[in-house]
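Undergrad: Here's a structure for you.
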There are 2 protein chains.
Amino acid sequence: MTFANVGTLGALPGRRDELVRHLTARNTTLLEVGCLLYEVGVSPGSPDTVFVMELWESESAHQGSLQLPEVQASIAAARPLLSGEFGGFRFDVVGSPLHD
Amino acid sequence: MTFANVGTLGALPGRRDELVRHLTARNTTLLEVGCLLYEVGVSPGSPDTVFVMELWESESAHQGSLQLPEVQASIAAARPLLSGEFGGFRFDVVGSPLHD
């Protein structure tokens, strides 16, 4: 079942765009482990927040990705940019008005 | 610029699945007005919540869709199923690790 993870990551003041560059660095390994969509964004009203929207083939594909050496290295490298504030939610996709 | 809207809709007790059926009823008009993705989901830990994840060609495409007669009728029909609790966030997509 397709699994969705959407979240907010708080960045330290002035470090948001660096965090965006980090999260958008090309990583096609994610496609190989079941990532279907991974979009990163910002909002004018939240200058220290980065938004992510992800779709995965399954919840276990998402969990498994967190164990990949590349992903663990990426998380470690991003950590100094983070304020420690996180938000968001996870859900199982059950349908769409656009397609079967 | 691609615009993202992700949100939670609280359903009245026992009405969640009815709200899901409502939100996932085929509506290809959305594609014609700039909707790129519209996924609907649920989560075992939140039995009275429906989750939505949307991507639009622009923020104005999203705003415009809310004025469509079909969408206004759909919102009116869903209203009796809603608890009034809403959450989520909106953002401008600036990149992805998966593609240009």
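Undergrad: Over all residues in A:84-92, what is the mean tally of Cβ atoms on other chains that come within 10 Å of each residue's Cβ?
TA: What the average comes to for A:84-92 is 5.
Undergrad: Using the Cα centre as the reference, give the magnitude of the dipole from point charges on the C-beta atoms of the range B:3-86 (Lys, Arg: +1; Asp, Glu: -1; all else neutral), rounded to the nearest 20 debye.
TA: The calculation lands at about 260 debye.
Undergrad: Please state the relative contact order of chain B as a whole percent: Cα pairs under 8 Å, 6+ residues apart?
TA: 47
Undergrad: Just counting partner chain Cβ atoms within 10 Å, what average do the residues of peptide B:35-44 show around their Cβ?
TA: Going residue by residue through B:35-44 and averaging, the value is 6.
Undergrad: May I ask for the angle, rounded to the nearest 10°, between helix A:69-78 and the longest principal axis of chain A, with both axes built from Cα atoms and the value confined to 0 to 90°?
TA: It works out to around 30 degrees.
Undergrad: Taking 0.36 nm per residue of sequence separation and subtracting the Cα-Cα distance, how much length would be gained by fully extending the chain between residue B:46 and residue B:59, in nm to one decimal?
TA: On the way: separation 13, 0.36 × 13 = 4.68 nm, distance 2.87 nm.
Full-extension gain reported as 1.8 nm.
Undergrad: Any idea what the residue A:69 label distances to the other copies are, label 7 Å down the Cα→Cβ vector, nm, shortest first?
TA: From this label point to the equivalent ones elsewhere in the assembly: 6.1 nm.
Every read-out reported here was derived from the displayed coordinates using simple, explicitly stated rules and does not represent laboratory data. Because the structure is a prediction, the values reported are computed rather than measured. FYI the Cβ positions are ideal-geometry reconstructions off the backbone, even for glycines, and counts take in every protein chain you see.
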